[in-house]
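Read the figures in this text as sums done on the coordinates, not as results from a lab. Bear in mind the structure is a predicted one, so any value in this text is a computation, not a measurement. Every residue, glycine as well, gets a Cβ built from its backbone with ideal geometry; the counts of neighbours run over all protein chains shown.
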Amino acid sequence: MKLQVAMDLLTVEDALELAGKVAEYVDIIELGTPLIKAAGLSAVTAVKAAHPDKIVFADMKTMDAGELEADIAFKAGADLVTILGAADDSTIAGAVKAAKAHNKGIVVDLIGVADKVTRAREVRALGAKFVEMHAGLDEQAKPGYDLSGLLRSGEEARVPFSVAGGVNLSTIEAVQRAGADVAVAGGAIYGAADPALAAKNLRDAIR
């Protein structure tokens, strides 16, 4: 299972600082949607230039103009780009077309999708590299939230998937047991007093 750090920061400088601390322990460096909106795709270019050996993930959350937006992100240096699972099939297909042209990948983010299992299978058939079983920050803040529903959906869908939404040292074993291909840790790393140590501990917990 790969480890992905989600950087929900707002400046290129902060992103580069965090990436520099944790790169040796992670496989995928994700530039969160707020970072891309605040700093633009120059943030993707900067992180890829600093860490050319890492998979750089642009969390675009594209909902329309799939081919165009994916193409822009790939040209900026992204290896993986997100399209929302709620988008029309034509949007996802367009993004996949751009990915094939660049020899890169599309990840379909199932945030907000009620039937994640069915949609996961549909978008995989459209050419998604993998799907992201994702609960956003707002959903995670609701009383009683836990990621067991995401894990069940991942197990049932039987397609390559990542899990994002509450991945930390206490849950990463369950994420791996569910068969996830990628564990996405955000606040568990960037919110830690020592992000490098937090990333290392998560890496060490993956067997």
Quiz item: By the scheme Lys and Arg +1, Asp and Glu -1, what is the net charge of all other residues having a beta-carbon under 14 Å from that of A15?
Solution: -2
Self-check item: Karplus 3J(HN,Hα) series, Hz, for region 178-191 with 6.51 cos²θ - 1.76 cosθ + 1.60 (x for Gly, Pro)
Solution: 6, x, 4, 7, 9, 9, 9, 10, x, x, 4, 9, 6, x
Quiz item: What order do you get for 6-15, 92-101 when each peptide is scored by the mean count of other beta carbon atoms within 10 Å, highest first?
Solution: 92-101, 6-15
Quiz prompt | q = 0.10, 0.13, 0.16 Å⁻¹: log10 I(q)/I(0) that the Debye formula gives for the chain, counting C-alpha atoms only | solution = -0.37, -0.65, -1.01
Practice problem: With runs of 4+ DSSP H residues as the only contributors, calculate the mean residue ellipticity of the chain at 222 nm using -39,500 (n - 2.57) per run, divided by the residue total and rounded to the nearest 500. | Solution: -13500 deg cm²/dmol
Quiz item: What does the charge add up to near G191, with Lys and Arg as +1, Asp and Glu as -1, over the other residues with Cβ less than 14 Å from its Cβ?
Solution: -2
